[in-house]
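Below is one structure, written out as structure tokens; comments come after it.
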């Protein structure tokens, strides 16, 4: 920023460092005013330059500076292209007026133009930086949105692949999901045989209990041998 101010001052034939020194040291004060300043008392010229500094801080043209100074209670009068003077009512309610040369070269018309042009360039630079910052913020937001969309798409692909795999596994399990009803001993013989025929395997059917008669015949034979009756 200081470089811009220095360049503008040089274009107008001024040295900015000299201008800054003038602002601090070339306000012309008489002996009484110097003593008052040294004692920390009110000096109307210091009051005036303070108001002009405030008016200059946000101005980029002579008209803007004049309006801003008026808002600070200072009347600015331009005399031709190079002259300027200032008038205001000080803290003691006294009307004060002074030519720009008596306040310092920075408050002369050319000095004003240097400061106003520097302010204009500084404002342009601020606007450029603000625009770049807004563009950067916008770009970063767009990149973040794109990354989020890519991540969502990737996650959707993963979930789709997992769902497809689960569906494949379920289909495979269902293709082997059947029941074979094995006939029990309590199943009627006709049903057992039918089941065996249907599934093409042999079913060992339990034998009927037919030994009762033979057991009694054996006992009768043994009783005859021993002369006993059943």
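The values are calculated or read from the model by the stated rules, or taken from the named source; none is laboratory data. All values reported here derive from a predicted model rather than from experimental measurement. With ideal geometry, Cβ positions are generated from the backbone for all residues, glycine too; neighbour counts draw on all protein chains shown.
Some points to look at:
For (1) more than 38 Å from the chain's Cα centre (by Cα); (2) under 30 Å from residue 87 (Cβ atoms); (3) at pLDDT below 90, each residue gets a yes or a no:
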| site | (1), (2), (3) |
| --- | --- |
| 104 | yes, yes, yes |
| 125 | no, no, yes |
| 129 | no, no, yes |
| 132 | no, no, yes |
| 158 | no, no, no |
| 165 | no, no, yes |
| 172 | yes, no, yes |
| 176 | yes, no, yes |
| 184 | yes, no, yes |
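- Failed item in (1) modelled with pLDDT of 95 or more; (2) more than 30 Å from residue 126 (Cβ to Cβ), with residue 73 passing the rest: (2)
- Within the stretch 86-108, the residues that satisfy the criterion of being farther than 17 Å from residue 54 by Cα and free of Cβ contacts under 8 Å to residues at least 40 places away in the same chain are 93, 95, 97, 99, 101.
- The listed residue being surrounded by fewer than 16 Cβ atoms within 10 Å (Cβ to Cβ) and either within 43 Å of the chain's Cα centre (by Cα) or assigned by TED's automatic domain parsing to the domain that holds residue 117 (or both), out of 45, 94: 94
- Filtering the stretch 60-83 for residues that are over 41 Å from the mean Cα position of the chain (by Cα), in contact (Cβ under 8 Å) with a residue 40 or more places away in the chain and closer than 30 Å to residue 33 by Cα leaves a non-empty set.
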